[in-house]
Amino acid sequence: MSDVVQVEIELLGRHFTIGTPQGEQETLLEAVRLLEGKISTIQQHGKVMDADKIAIMAALNIAHDLLKTKVGEGLEMAAFQRKIRDMGEAADAALRQSQQPLF
């Protein structure tokens, strides 16, 4: 059984402590960044000012985007994102290695 880690975040001026499985902190923080982006867009382009309504609209936008996204059969979105991140890290490592002097 994996350990739960507490992560401190802030959204809409409110502080939250969220428990997440060990090793999933970065996925949680990616979700927070995604939500912050949706909230920012709503605040910039909408007339909604109430924090609860903004949060609900952002959640609905994300749920709608998720339902429109089709990922290969049986592949969860979080696993798909981790695979993309791992591929990016592997590409970065290969680039760093190729830039090292041969002598």
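Here segment 54-91 is the region considered, the condition is being at pLDDT below 85 and β-branched (Val, Ile, Thr), and the residue that is farthest from Arg14 (Cα to Cα) is Val71. Filtered by the rule that a residue be in contact with a helix residue (DSSP H, G or I) (Cβ under 8 Å, 6 or more places away or on another chain) and either assigned to a helix (DSSP H, G or I) or of a type in the set (Asp, Glu) (or both), segment 42-58 gives Ile42, Gln43, Ile54, Ala55, Met57, Ala58. Here Ala51, Ala94 are screened, and the one residue that is modelled with pLDDT of 80 or more and farther than 20 Å from Leu28 by Cβ is Ala51. Is it the case that Thr20 is at pLDDT 85 or above and outside any helix (DSSP H, G or I)? Yes: the conditions hold for Thr20.
The values are calculated or read from the model by the stated rules, or taken from the named source; none is laboratory data. The structure presented is a predicted model; accordingly, all values stated were derived computationally and were not measured. Methodologically, a virtual Cβ is constructed for each residue, glycine included, from the backbone with ideal geometry; neighbour enumeration extends over all protein chains shown.
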